[in-house]
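The values are calculated or read from the model by the stated rules, or taken from the named source; none is laboratory data. Everything quoted here is computed from the prediction, not taken from an experiment. Cβ sites come from the backbone with ideal geometry, for glycine too, and all protein chains shown count toward neighbours. Heavy atoms of the whole protein, side chains included, go into the accessibility calculation; ligands, DNA and RNA do not. Shrake-Rupley method; radii C 1.70, N 1.55, O 1.52, S 1.80 Å.
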Amino acid sequence: MFMASLNSSNHDQQEEDPGSDLQYNHQIIPEPSREGFTSAVSNATHMRQLLTRCAELISRSDFSAAHRLVSILSGNSSPYGDSVERLVHQFAKALSLRLNNCCYAAAAAATTTTSAASASIIMAITPTAAAAAALTNDRNNVDMTEPEEALQSCYLSLNQITPFVRFSHLTANQAILEAIDEGQKAIHILDFDIMNGLQWPPLMQALAERSYPPPMLRITATGHDLNILHRTGDRLLKFAQSLGLRFQFHPLLLLGNSDDVPAFPPALALLPDEALAINCVLYLHRLLRDDSRGLRLFLHKIKALNPKVVTIAEREANHNHPLFVQRFVEALDHYTAVFDSLEATLPPNSRERVTVEQVWFGREIMDIVAAEGNNRRERHERYESWEVMLRSSGFSNVPLSPFALSQAKLLLRLHYPSEGYQLQIRNDSLFLGWRNRALFSVSSWQ
C-alpha cells in the first residue's frame, strides 16, 4: 500500500518549486580506463594526504606552513572539476577559514603577552587584523551565511538528486505506519525541523488508503522561519483536503538559530484516542554541545510524552570528536564518499549538483572544520552513540521490518540507479551507504 506512494514526494516537490523546469535523469557515469582510474586514485590519495597534513599543521599552530599548503590546495581544486577537485575545494575553504580564525586569535593574544615584533610575525600571514576579525565574526554566524529561503531551496535539490533524504523519510514513515494500529482514530506527529514538509504527503496518502474513514492527523512542526512554517502547513492542508483527510497543523517557531531544547507547546496535549509519533530526521545531532546534557534532557522530555514511536535518522559519522584532526579525518572520509556518489550519478555540468555541493555540503564541511565550541552545530555521531544515549533515557529499539528494506531497495532502483548505493540492516536499523561506507542510518524507538 505504502510502496505505491514512492513517486508522490517527487510530485509534491515539483509543486514546492514551480520555477524549476528541469527533469533529473540519473545516470551511471562510465568508469574510466584502468590507466586513468589508477591515476585518479593516486591523485585522490595525494590530495587527501595534503589536506590531512594541513589540518595537522593548524592543530600544531604552524600557521606559516599551513598557509602555504592551503594556497597549494586551493590552486589545485575547483568547484566545477571532478569529485576530488570539488571535495578539495570545499575542505580548502574550510581550512582557510579555520587558519584565519586561529591566526587572529594568536595575534590578539600576542599583542598582550609578547612584544610587538613577535606579534607582527604572526600577523604577517593574515590579511589584516580587521579582515581576520571579520572572518571570525562570519564563522560565529555561519548559520546565517545562507538565507533560510536559499537553504530550503537547496534542500529540495538535495532531496531530488540524492537518495539520502528520501530514504530517511520513506523509512521513518514506514516505521510510523507499523507502530500505529490501523483502527487508530487520531494521530499526532511532532516533527522536529520539518523543512519543506516533503516527508508527509506519502504518509498522508497511505493513511487515507489503509482505513475508512481515515484517522484525524495533527502535525506539530518546528522551524526557524514562521512564514515558511505557515506555507508548509497550507500546502499540507490542501493535500490533506484532496485526500479527504482531516488535518490540523501547528507551527512551533525556534527563535533565532538556537537549537537548545525547545519548549513544548500546549498543542502537544494529546486528545482522546490520539496516538503520538515523534519524528527526528537529521535533528538530534544539533542538540549536542561539548557535552550531551541538553540532548539527554530532550530525550527525557519526549519519553515522558509516552509516544507510540520515535523515528530517528542521522549521519553515520563521528563529526563530534573533541580533537580537531580526528574530526577532520572522519569528515574527509564521509564527504569523500558523498562526493563520489554525486560524481557517479550526475553529470559534471549539473547546476543542482554544484549548488548542493557548495551550499548544503559545503556549509556542513565549513561548520565541522572551522567552528569550535557552541558555534559548531554539525555534531554527527555514529549509530552506536545514539543507541547508548537512547537506551540510557529509557527507550528500546523497535526493529524495522523487511518491508522497509524492500521499499528502500525500490526507491534506489527507480530513482537512483547505481550499484554504488548499498543498504544494510544492522542492529534492527537500516543503513544507506556508498560502496563500503555507511552514510545514513534510520532507526525506530519506543
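For the stretch 309-366, the tally of residues that are touching an Asp or Glu at 6+ places or on another chain (Cβ under 8 Å) and without any contact (Cβ under 8 Å) to a residue 12 or more places away in the chain stands at 1. Between 425, 365, the distinction of being among the β-branched types (Val, Ile, Thr) and within 30 Å of residue 89 (Cβ to Cβ) belongs to 365 only.
Within the stretch 418-434, being free of Cβ contacts under 8 Å to residues at least 40 places away in the same chain and on the phi > 0 side of the Ramachandran plot holds for one residue alone: 428. For the stretch 368-406, a residue qualifies if it is closer than 18 Å to residue 439 by Cα and either part of a helix (DSSP H, G or I) or in contact with a Gly (Cβ under 7 Å, 6 or more places away or on another chain) (or both), and the qualifying residues are 368, 383, 384, 385, 386, 387, 404, 405. With respect to the conditions (1) of a type in the set (Asp, Glu); (2) modelled with pLDDT of 50 or more; (3) touching a helix residue (DSSP H, G or I) at 6+ places or on another chain (Cβ under 7 Å), residue 85 lacks only one, and its number is (3). Within the stretch 379-393, identify whether any single residue is closer than 28 Å to residue 78 by Cβ and either among the basic types (Lys, Arg) or out of contact with any Leu (no Cβ under 8 Å at 6 or more places or on another chain) (or both), and answer yes or no. Checked against the condition, which is being closer than 28 Å to residue 78 by Cβ and either among the basic types (Lys, Arg) or out of contact with any Leu (no Cβ under 8 Å at 6 or more places or on another chain) (or both), the stretch 379-393 yields at least one hit.
Selection of the stretch 316-342 for residues being over 19 Å from residue 415 (Cα atoms), touching a helix residue (DSSP H, G or I) at 6+ places or on another chain (Cβ under 8 Å), open to solvent by less than 10 Å² (accessible area, probe 1.4 Å) and part of a helix (DSSP H, G or I) yields 327, 328, 331, 332, 335.
Of the numbered criteria (1) of a type in the set (Lys, Arg); (2) in a strand (DSSP E or B); (3) over 15 Å from residue 274 (Cβ atoms), the one residue 218 fails is (3). Per this entry, residue 245 is counted among residues that are at pLDDT 80 or above and farther than 24 Å from residue 148 by Cβ.
Residues of the stretch 175-215 that are of a type in the set (A, V, I, L, M) and outside any helix (DSSP H, G or I): 180, 186, 187, 189, 190, 194, 195, 198.
Yes/no per residue for (1) hydroxyl-bearing (Ser, Thr, Tyr); (2) modelled with pLDDT of 95 or more; (3) surrounded by fewer than 14 Cβ atoms within 10 Å (Cβ to Cβ):
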{"position": "371", "(1), (2), (3)": "no, no, no"}
{"position": "374", "(1), (2), (3)": "no, no, yes"}
{"position": "389", "(1), (2), (3)": "no, yes, no"}
{"position": "395", "(1), (2), (3)": "no, yes, no"}
{"position": "416", "(1), (2), (3)": "yes, no, no"}
{"position": "421", "(1), (2), (3)": "yes, yes, no"}
{"position": "432", "(1), (2), (3)": "no, yes, no"}
{"position": "446", "(1), (2), (3)": "no, yes, no"}
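For the stretch 55-64, a residue qualifies if it is in a helix (DSSP H, G or I) and either under 16 Å from residue 104 (Cβ atoms) or open to solvent by less than 20 Å² (accessible area, probe 1.4 Å) (or both), and the qualifying residues are 55, 57, 58, 63, 64.
Could you please find all residues in the stretch 167-225 being aromatic (Phe, Trp, Tyr) and open to solvent by less than 10 Å² (accessible area, probe 1.4 Å)?
167, 192, 200
Before we move on, is residue 281 farther than 13 Å from residue 390 by Cα and modelled with pLDDT of 95 or more? Yes. Annotation note: Cβ proximity below 6 Å between a residue of the stretch 168-193 that is over 18 Å from residue 406 (Cβ atoms) and a residue that is open to solvent by 10 Å² or more (accessible area, probe 1.4 Å) and acidic (Asp, Glu) (sequence gap 6+ or interchain) occurs for 185/273; 186/273; 186/274; 188/274. A count restricted to the stretch 343-352 and to residues that are surrounded by fewer than 21 Cβ atoms within 10 Å (Cβ to Cβ) and part of a helix (DSSP H, G or I) stands at 4. Annotation: residue 122 fulfils all but one of (1) modelled with pLDDT of 50 or more; (2) more than 20 Å from the chain's Cα centre (by Cα); (3) buried (at least 22 other Cβ atoms within 10 Å of the Cβ); (4) assigned to a helix (DSSP H, G or I); the unmet one is (1).
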